[in-house]
Amino acid sequence: MTTKFEKATPEGFARHRRFTAACEACGRFDAPVPLSEEEAAPAFSRCEEKRARAEAAGEPLLHRYELTPSGWAELRRFLLQKGVEDVVLTACDVLTGLPVTMRWSSDHLHHLEEAKALRSQGSQVLRASSVSAVQHFLVLPQQQEQ
């Protein structure tokens, strides 16, 4: 079965986007190959275009997290610098009204390891997800910044 939006199987879409956990859920345990620098550049550019549109329209990030102007600026810097350095953002979860900390990385394996380490320490990870093959993020309750 193929998806209507991407015209791919769920596994094909997950492999294309380099979503390791989704590939494993489909029964594939060989990790997708990370994007090359050549592949990552247009992905970061597309992400920055989406970020700029959301900020200009006053929309919450990922339709859920309200950022301050400085938060939008930090995310913009992360994307323009192609994720060279991880970024930590403070946001408000519009569904719960609670402040959260968002930790962004361009390194998917680092992202997975960080989520696992936080959970093993007993820290609550509210969300561990990816926006694209170049943006991976954790959402933590604000008091859990580590």
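The values are calculated or read from the model by the stated rules, or taken from the named source; none is laboratory data. Quick caveat, the model's predicted, so the values are computed rather than measured. Using ideal geometry, Cβ is built from the backbone for each residue, glycine included, and neighbour counts are taken over all protein chains shown.
Being touching a Leu at 6+ places or on another chain (Cβ under 6 Å) and without any contact (Cβ under 8 Å) to a residue 24 or more places away in the chain is a description that does not apply to G97.
Residues in segment 105-136 that are charged (D, E, K, R) and more than 12 Å from the chain's Cα centre (by Cα): E113, E114, K116, R119. Within segment 109-126, residues that are of a type outside the set (S, T, Y) reach partners that are in a helix (DSSP H, G or I) and surrounded by 12 or more Cβ atoms within 10 Å (Cβ to Cβ) with beta carbons closer than 7 Å, at six or more positions or on different chains, in the pairs L112/T20; Q124/Q144; V125/A115; V125/L118; V125/R119. Elements of the type strands (runs of 3 or more DSSP E) sitting completely within segment 1-112 and holding at least 1 residues that are at pLDDT 90 or above, under 23 Å from P141 (Cα atoms) and in contact with a Lys or Arg (Cβ under 7 Å, 6 or more places away or on another chain): these cover 87-93.
With the condition kept exactly as written, say whether any residue in segment 100-122 is over 21 Å from E74 (Cβ atoms) and surrounded by 15 or more Cβ atoms within 10 Å (Cβ to Cβ). Yes, there is a match, as at least one residue in segment 100-122 is over 21 Å from E74 (Cβ atoms) and surrounded by 15 or more Cβ atoms within 10 Å (Cβ to Cβ).
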